[in-house]
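Asks: Quick one: the structure is below, questions incoming.
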Amino acid sequence: MVSFTLLIESIELRSNNSLVKRLINDPLDPDYADFQQFLTLLIESGLSVENMSRKTPLGPPLEKSQLNKSLDSWGASVVDGLAKGTLSLDKVVVNGKESYQLTRNESRTRICVNKFRAEQLMDNLLSSSTHCQDSPDWGLSNASYAGIINQFLSSRPGTKNLEMAIVTRSPGNVFNFLGTVLNAQFNDNGSKTVMIKPALSVLDHYNPRHQTPTPLFKVYKNTVNLNRAASVKYKGDTYAIADDDDSYSKEVLEFMSTLVSITKIPGAIPQTPAVIVR
């Protein structure tokens, strides 16, 4: 839940290419509770990432006699692609005749949910195209989220088979988000402090800490007698995170350290910020 909260900027729910609802991950947004509830629901539905293979035909199918002629004209790039596996020659049957199809092999990453858990919790709210190919049956959920679904559908009767577009943050925007989290904590007497309550997954429900909402990132200002994990002075004030409070502050810092490290590896983070689930 912590990593998803840091990385996801918004969730767009679409139907027939029309926007039904945009849920924004911003604690200062008036509908922020809707985002948190729906993200919790997705995590309880087994929100995950999987690789999808896709084959794209290149040109028409060729009979064996045509194939021999084409091999001479394809050039080194095609031969190299065949050797690396990015291209392949697949046998196909066209009009009863055995032919060969030059195909480009691609792999893409997509976000998906567990088929059985999603249908149990949300019925047909999400399209079957959002289901993971590998969807083991986890059995009944440990928690009921009927209230969240009913609240969402109450103003949208008949809504079903929705697609999702999940927009992720760049590393720099994750830091900006944490700044917004601190603004929410220090303004309005802390009434907008971002609280995290992970879904009751198979593992999490054994941890008593995960039964109650816990601050995502809590910073203490000019606090004495604090067992500090880290602190910094800024414009005459001291800001610190505790080593032993109930917040996820230390986990957040560890996550940010890892994020900064992988940004130094070329290609480790995709350029596109949006992951569309179709």
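The values are calculated or read from the model by the stated rules, or taken from the named source; none is laboratory data. Only a predicted model underlies this, so the values are computations on that prediction, with no experimental measurement involved. All Cβ positions, even for glycine, are placed from backbone atoms using ideal geometry, and neighbour counts span all protein chains on display.
Asks: Tell me, which residue of the stretch 92-116 that is over 27 Å from Met164 (Cα atoms) and among the hydroxyl-bearing types (Ser, Thr, Tyr) is farthest from the chain's Cα centre (by Cα)?
Replies: It comes out as Ser99.
Asks: Over 21 Å from the mean Cα position of the chain (by Cα), among the aliphatic types (A, V, I, L, M) and at pLDDT 85 or above: does that describe Val174?
Replies: no
Asks: Of the residues Leu102, Leu58, Leu71, Leu82, which single one is over 24 Å from Asp134 (Cα atoms), of a type in the set (A, V, I, L, M, F, W, C) and buried (at least 17 other Cβ atoms within 10 Å of the Cβ)?
Replies: Result: Leu102 is the single residue among Leu102, Leu58, Leu71, Leu82 that is over 24 Å from Asp134 (Cα atoms), of a type in the set (A, V, I, L, M, F, W, C) and buried (at least 17 other Cβ atoms within 10 Å of the Cβ).
For every residue, the table says whether it meets (1) assigned by TED's automatic domain parsing to the domain that holds Gln133; (2) modelled with pLDDT of 50 or more; (3) basic (Lys, Arg).
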site: Leu200; (1), (2), (3): yes, yes, no
site: His205; (1), (2), (3): yes, no, no
site: Gln211; (1), (2), (3): yes, yes, no
site: Leu226; (1), (2), (3): no, yes, no
site: Asp237; (1), (2), (3): no, yes, no
site: Thr258; (1), (2), (3): yes, yes, no
site: Ile265; (1), (2), (3): yes, yes, no
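Asks: Please work out which residue is farthest from Leu41 (Cα to Cα), limiting yourself to the stretch 83-114 and to residues that are assigned to a strand (DSSP E or B) and among the charged types (D, E, K, R).
Replies: Checking each candidate, the answer is Lys97.
Asks: One residue is enough: does the stretch 34-41 have a residue meeting the conditions of a type outside the set (Asp, Glu), assigned by TED's automatic domain parsing to the domain that holds Ala184 and farther than 19 Å from Thr159 by Cα?
Replies: Yes; the residues of the stretch 34-41 include at least one that is of a type outside the set (Asp, Glu), assigned by TED's automatic domain parsing to the domain that holds Ala184 and farther than 19 Å from Thr159 by Cα.
Asks: Inspect the stretch 44-51 for any residue being touching a helix residue (DSSP H, G or I) at 6+ places or on another chain (Cβ under 7 Å) and either at pLDDT 90 or above or of a type in the set (Phe, Trp, Tyr) (or both) and give the result as yes or no.
Replies: no
Asks: Do we find that Asp90 is out of contact with any Pro (no Cβ under 7 Å at 6 or more places or on another chain), on the phi < 0 side of the Ramachandran plot and either without any contact (Cβ under 8 Å) to a residue 24 or more places away in the chain or outside the structural domain of Arg169 (by TED's automatic domain parsing) (or both) in this structure?
Replies: Taking the combined requirement at face value, the residue satisfies it.
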